[in-house]
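Colleague: Got a structure here, written out as structure tokens. Questions coming.
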Amino acid sequence: MLNNVLSRKPEDNFIAEMRTMEPAYLQHDDPIQRSGFGGGPGRWEAERRPLTGGIHRAGSFLDVGCANGWLGACVKDWCGEAGLSIEPYGVDIGAEIVIEARRRLSEAWAADAWRWEPPRQFTFVYSLLDLAPPDLTADWLDRLALWVEPGGRLIVGSYGSVSHGVTPDDVSAALVSAGLAVVGEAAGGAGPVTRFAWAQL
Ligand SMILES: C[S@@+](CC[C@H](N)C(=O)[O-])C[C@H]1O[C@@H](n2cnc3c(N)ncnc32)[C@H](O)[C@@H]1O
């Protein structure tokens, strides 16, 4: 709780910008598009599945910015294929999209992750660099790291865009700058278009 009260937070206009994702996602019927991805199922798997390289054992997985829960459900399936049992959870700032996420995940909360305290820790916590303004990247990663069980991992991603010619950020460097111990990284898609890294807690 102390961390929540004292830590620096993004400006209101940054959070307002984040809130514009949910109505855009809700315009679609396709679950992948309702998770914010427009490239179809083949590219979805190519660009998201590499994050499971950071999942080294069975346990719980919290997706911070879970949208409709599609990613958490996929992570559960992908890890299941590798013989690892994963219990997926999520939190998202969009209250309506979380209702859908609850159908796919063990539990999903509607909250601004900058002002939310999880009711428990998780074996794996996953989120994106983009959910923080650049000047608060280390604050964001420090905050997420507190939500990881001892011996678990914080997995962080950055998504570029094929259509906009945007390359993903250097996630490993961001974790190292925050003082976290990076133990692995992965990339996905052509370019690559997604990058992931994970720190051991
Ligand atoms: C690009 S989607 C990610 C979907 C999925 N987790 C994935 O990685 O493919 C980003 C999600 O983060 C949510 N989000 C943005 N800022 C947030 C915040 N401060 N707290 C909780 N969720 C947030 C948005 O509502 C959106 O659903």
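Colleague: Just for the chain, what percent of DSSP beta bridges are antiparallel, to the closest 5?
Modeller: DSSP beta bridges in the chain are roughly 40 percent antiparallel.
Colleague: How high is the FRET efficiency from E107 to S7, r the C-beta distance, R0 35 Å, rounded to 0.05? Numbers along the way, then the final one.
Modeller: Numbers: r = 24 Å, r/R0 = 0.69.
Given R0 = 35 Å and the Cβ-Cβ separation, E is 0.90.
Colleague: Could you derive backbone 3J(HN,Hα) for segment 9-16 from the dihedral phi with the Karplus parameters 6.51, -1.76 and 1.60 (θ = phi - 60°), listing whole Hz in sequence and x where the residue is Gly or Pro?
Modeller: Each residue of segment 9-16 in turn: 10, x, 4, 4, 5, 5, 5, 4 Hz.
Colleague: Bin width 5 Å, alpha-carbon pairs only: give the P(r) of the chain as whole percents, running from 0 to the bin holding the largest distance.
Modeller: 1, 8, 16, 21, 23, 18, 9, 2, 0
Colleague: What is the Cα centroid distance between segment 60-114 and segment 116-146, reported in whole angstrom?
Modeller: Comparing the Cα centres of segment 60-114 and segment 116-146, I get a distance of 15 Å.
Colleague: Oh, and also: Of the peptides 49-56, 14-21, 165-172, how do they stack up when ordered by the mean number of other Cβ atoms within 10 Å, highest first?
Modeller: Values: 49-56: 20.5, 14-21: 13.5, 165-172: 16.6.
Packing proxy ranking, top to bottom: 49-56, 165-172, 14-21.
Colleague: Also, quick follow-up: Calculated from DSSP H runs of 4 or more alone, at -39500 (n - 2.57) each and per residue, what is the 222 nm mean residue ellipticity of the chain, nearest 500?
Modeller: On the way: 8 runs with 65 residues, N = 201.
Mean residue ellipticity at 222 nm (helix-derived): -8500 deg cm²/dmol.
Colleague: Which length gain, in nm to one decimal place, applies between E17 and V183 when the Cα-Cα distance is subtracted from 0.36 nm times their residue separation? It would help to have the intermediate numbers written out before the result.
Modeller: Values: separation 166, 0.36 × 166 = 59.76 nm, distance 3.23 nm.
Computed gain between E17 and V183 is 56.5 nm.
Colleague: Kindly give Rg over Rh for segment 39-138, based on alpha-carbon atoms, with the Kirkwood expression for the hydrodynamic radius. All intermediate terms of the calculation are to be shown ahead of the outcome.
Modeller: On the way: Rg = 13.3 Å, Rh = 13.9 Å.
For segment 39-138, the value is 0.96.
Colleague: In a GNM of the chain with a 10 Å cut-off on Cα contacts, which of F61, F124, F37 has the highest mean-square fluctuation?
Modeller: With Cα springs under 10 Å in the chain, the top fluctuation among F61, F124, F37 is at F37.
Colleague: Here is a follow-up. Note the full-extension length gain between H56 and D130 as 0.36 nm times their separation in residues minus their Cα-Cα distance, in nm to one decimal. Provide the component values of the computation, followed by the final result.
Modeller: Numbers: separation 74, 0.36 × 74 = 26.64 nm, distance 2.48 nm.
Taking H56 through D130 to full extension adds about 24.2 nm, to one decimal.
Throughout, read-outs are computed from the coordinates displayed, never taken from laboratory work. Fair warning: this is a prediction, and the values are worked out from it, not measured in the lab. So basically every Cβ, Gly included, is an ideal-geometry build from the backbone, and we count neighbours across all protein chains shown.
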